Amino acid sequence: MLEAKDLVLEYGGVRALNGMSFTASTEQVTAVVGSNGAGKTTLMNAICGLVKLASGEIRLDGAKLNGLAPDDIVRKGISLVPEGRELFPKLSVLENLLLGATVRPDPTRRRKTLERIFELFPVLANRQKQQAGRMSGGEQQMLAFGRALMAQPKMLLLDEPSIGLAPMVEEQLISAISDYSRESGIGVLIVEQNAMLALEYAQHAYVVEQGRVALSGPAAEIRDDPAVIASYLG
Ligand code: ATP
């Protein structure tokens, strides 16, 4: 279980997180949806230790994460697919994948994880030597997922994975990741501006507004509530 309690974070005078609290199970898909500037990317970066909280606490399975260095947070089981993917475009597909595994030295587990990723996204297996920057947008997103999974996370964080992708590709990718999460027992926390897409695959959801949770509940209920859509997601 990933738990965030009363998170506060400011950039200069701007309060990006303003008492954000939520929990996300390591066994299901949780969505965080909300409009531009609601604090979604800041939340992801705070969980990963990339920005510093003013106050609040983040725990994974009871162990405190905030205050740890980003690589230690990865070792504890949090892996981020950042907005815009941030691959190494000149490096090959395989090199990008292996960079995701630097915190997991055991070669046997590393090989098994790589095989599993190649089953999930066969295009990565077929293009291992290709430069990452020469892949299509959808293939690059698969590579970004694969690189994050190489760290063998308990919880995978996806920041706006649908950006720049055709609707059919978005659906295929989110569906593949949600199947993988179910089969391998890892949690997914997905932040999306395309709220309907995230709510379709999530079991639980939080709607955020101005740095805090405005409401939460089963994703299907939020998706089917016209008043919620009109007020927060329209
Ligand atoms: P988007 O979907 O547009 O990425 P978001 O929900 O992810 O939005 P954040 O990017 O977390 O929201 O931004 C939350 C608030 O913090 C916004 O008001 C934003 O302008 C501000 N903000 C974000 N990053 C910085 C920064 N580096 N310096 C100053 N203000 C920032």
Practice prompt. Among the candidates L50, L60, single out the residue that is touching an Asp or Glu at 6+ places or on another chain (Cβ under 9 Å), more than 9 Å from the ligand (Cβ to nearest atom) and on the phi < 0 side of the Ramachandran plot.
Written response: L60
Fill in: Subset of segment 1-21 (residues that are among the hydrophobic types (A, V, I, L, M, F, W, C) and at pLDDT below 95)
M1, V14
Discussion item. Being surrounded by fewer than 21 Cβ atoms within 10 Å (Cβ to Cβ) and within 16 Å of the ligand (Cβ to nearest atom) is the filter here; which residues of segment 150-169 pass it?
Written reply: E160, S162, I163, G164, L165
Practice prompt. May I ask you to list the residues in segment 73-84 that are surrounded by 20 or more Cβ atoms within 10 Å (Cβ to Cβ) and within 16 Å of the ligand (Cβ to nearest atom)?
Written response: L80, V81
Worksheet item: Among (1) at positive phi; (2) without any contact (Cβ under 8 Å) to a residue 12 or more places away in the chain; (3) away from the ligand (no atom under 16 Å from the Cβ), which single condition is P105 missing?
Response: (1)
Worksheet entry | Criterion: surrounded by fewer than 18 Cβ atoms within 10 Å (Cβ to Cβ), free of Cβ contacts under 8 Å to residues at least 12 places away in the same chain, charged (D, E, K, R) and out of contact with any Phe, Trp or Tyr (no Cβ under 8 Å at 6 or more places or on another chain) - qualifying residue of K129, K112 | K112
Worksheet item: So which residues in segment 30-47 are closer than 17 Å to L215 by Cα and more than 8 Å from the ligand (Cβ to nearest atom)?
Response: T30, A31, V32, V33
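Yes/no per residue for (1) charged (D, E, K, R); (2) surrounded by fewer than 22 Cβ atoms within 10 Å (Cβ to Cβ):
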position	(1), (2)
M44	no, no
D71	yes, yes
L91	no, yes
E95	yes, yes
L98	no, yes
E119	yes, yes
Item to complete: Assess whether S35 counts as being touching a residue at least 12 places away in the same chain (Cβ under 8 Å) and surrounded by fewer than 16 Cβ atoms within 10 Å (Cβ to Cβ).
Response: yes
Practice prompt. Can you tell me which residue among R223, R182, R147 is at pLDDT below 90, basic (K, R) and away from the ligand (no atom under 16 Å from the Cβ)?
Written response: R182
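Name the single residue that is nearest to the ligand (Cβ to nearest atom) among those in segment 1-21 being crowded, with 20+ Cβ neighbours inside 10 Å and within 21 Å of A219 (Cα to Cα). Reasoning before the result, please.
Taking segment 1-21 as the starting set, the residues that turn out to be crowded, with 20+ Cβ neighbours inside 10 Å are 2, 4, 7, 9, 16-17, 20.
This time we only want the ones that are within 21 Å of A219 (Cα to Cα), so: 2, 4, 20.
Numbers: L2: 18, A4: 14, M20: 10 Å.
Filtering segment 1-21 for residues that are crowded, with 20+ Cβ neighbours inside 10 Å and within 21 Å of A219 (Cα to Cα), the one nearest to the ligand (Cβ to nearest atom) comes out as M20.
The values are calculated or read from the model by the stated rules, or taken from the named source; none is laboratory data. Everything numeric in this text was worked out from a predicted model, so none of it was measured. When we count neighbours, we look across all protein chains shown, and the Cβ atoms used for this are built from the backbone with ideal geometry, even at glycine.
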